[in-house]
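Quick note: the coordinates plus some simple rules give every number you see, no bench work behind them. Just so you know, these numbers come straight off a predicted model, no measurement behind them. Because the Cβ atoms are built from the backbone with ideal geometry, glycine has one as well, and the counts that use them run over all protein chains shown.
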Amino acid sequence: MAKPILLLINLQSKQGLLRFGEAVASFNDLGMQYIIGQVKEAEDFARCIRRYQERVSAVVIGGGDGTLNVAVDALVETGLPLGILPLGTANDLVRTLNLPRALPEACQVIAEGHRQFIDLGRVNGKYFFNVASCGLSINVTQELSGKLKKRWGVIAYAIAALRTIAVTRRFTAVIQVDDGAEMTRKSLQIAVGNGRYYGGGLTIAKDAAIDDQRLDLYSLEIPHWWHLFFLLPALRTGQFSDRIGIARWEGKQIKVRTHQPKRVNTDGEITTKTPALFELCPAALEVFVPLPAALSPPERSS
């Protein structure tokens, strides 16, 4: 008999609490065997994955990007494939993987069993799916209260950003991409992306994909106030330019130093600080995706 899946749903989230029964009913209808892990706090995700690793064939997590981030290290450690139920606010990894937003269809993807390897990023030893960043994003994370997300949903990200951007000051950072020369920049935010989407649908780079075996870095510098008019369209499309105050690079290993330690968040969770070593971890995790998988955008023209 095939091993069951391990079902972990964040019942602390509004969506997880309201739709837990729907998820269980969908898997029952699909004839899937499962073990429900007891999750009361963030640390329980990793504990359950390690506890049941020999008894299950895969881990299915219901929650948002922050919930997935607290589980990713244990997933890499155990080598178990990951299924995702879109029960968060932004669901940026769901967007990147082209997963269905409807819960029954997301369960169907897992039942079909098609999997694909994806890359992960890692900063100072902590894995991440979407993006790791310092600067403005830390202030946005602190402004982005649970109450704000429950009231406004994904729009809460834009509200939090508008509240903080006017009071955030640029900081000096020294950046080295792969073995290149060190660059000194004055930045509002430095972000290093592994996937395509982050922050409620912003795009890390116009041709980014979660299986392209590269990291994409941008420095949000905005030296003139009028650059702010171009900021949101650029962040939405991932089309960056020094002319509008956004510099970008790509590589497999990125080092960032700041004069004073700055906190770094991974997929919206504050987990480490500078100096920071960002590393690409190619094909590090298997995930359930629709068939046919379509993770990568069209090839770039030369």
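Quick check on the exposure proxy: order 183, 32 from fewest to most C-beta atoms within 10 angstrom.
On the way: 183 13, 32 16.
Sorted ascending by nearby Cβ count, the order is 183, 32.
List the relative contact order of the stretch 5-113 as a percent without decimals, with contacts defined as Cα pairs under 8 Å and 6+ residues apart. Show your work: numbers first, answer last.
Details: 159 pairs, mean separation 33.5, N = 109.
Relative contact order here is 31 percent.
Pairs 3/126; 186/273; 14/273; 252/273; 14/206; 40/126: which exceed 25 Å Cα-Cα? All intermediate terms of the calculation are to be shown ahead of the outcome.
On the way: 3/126 29 Å; 186/273 18 Å; 14/273 30 Å; 252/273 19 Å; 14/206 32 Å; 40/126 22 Å.
Correct reply: 3/126; 14/273; 14/206.
With just the Cα atoms of the stretch 5-113, tell me how far they stretch along each of the three principal axes, in Å, largest first.
Computed over the stretch 5-113, the largest-to-smallest principal extents equal 29, 29, 25 Å.
Counting only other residues whose beta carbon sits under 14 Å from that of residue 11, what net charge do I get with K and R as +1, D and E as -1? Write out the running numbers ahead of the final one.
Details: positive: 14, 19, 40; negative: 22, 41, 44.
Residues near residue 11 contribute 0 overall.
Neighbour counts of other C-beta atoms within 10 Å: give me 270, 204, 118 arranged from fewest to most. Intermediate values should be presented prior to the final figure.
Values: 270 14, 204 28, 118 25.
Lowest count first: 270, 118, 204.
Please give the net charge around residue 277, taking every other residue with its beta carbon less than 15 angstrom from that of residue 277, where Lys and Arg add +1 and Asp and Glu add -1. Provide the component values of the computation, followed by the final result.
On the way: positive: 122, 126, 252, 255, 257, 262, 273; negative: 178, 179, 182, 279.
Net charge around residue 277: +3.
Only counting other Cβ atoms within 10 Å, I'd like 96, 272, 184 sorted with the fewest neighbours first.
Numbers: 96 25, 272 18, 184 9.
Ordered from fewest to most neighbouring Cβ atoms within 10 Å, 96, 272, 184 come out as 184, 272, 96.
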